[in-house]
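Step one of this worksheet: look at the structure below.
The numbers here are math on the coordinates, done by the rules we state, and not lab data. From a predicted model like this one, the values you see are computed outputs, not experimental measurements. Backbone-built Cβ (ideal geometry, glycine too); neighbour counts: all protein chains shown.
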Amino acid sequence: MGAGQAFYLGFYPGAAQAQAIAQHVARVAGLPTGNVPVGLVALPRGPQTVWLNFTEQVQEGEYGGQTVQVPARNVVVRPPAPG
């Protein structure tokens, strides 16, 4: 026990504040940050990042200066973002 980290938010953030907080928490957790639209999920797994598209349309996400295009209802595996 005690190996995790928790964040406490003591106010209701506006949209821009919520986005900034989410990006900060994602960076701390080692998750890809950037433009990831609703319905597209990016999950780091070992030396790879797994992109899952839960929508009926092709989705495009950005991380680390790279653009990833994921077909509808599909999965794409990419190496981790540089830097």
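Residues in the range 19-73 that are among the small types (Gly, Ala, Ser), within 27 Å of Ala6 (Cβ to Cβ), part of a loop (DSSP other than H, G, I, E, B) and touching a Phe, Trp or Tyr at 6+ places or on another chain (Cβ under 9 Å): Gly34 only.
In the range 19-44, the residues that are surrounded by 12 or more Cβ atoms within 10 Å (Cβ to Cβ) reach residues that are among the aliphatic types (A, V, I, L, M) and assigned to a loop (DSSP other than H, G, I, E, B) with C-beta atoms within less than 6 angstrom, at least six apart or across chains, in these pairs: Pro32/Ala81; Ala42/Val36.
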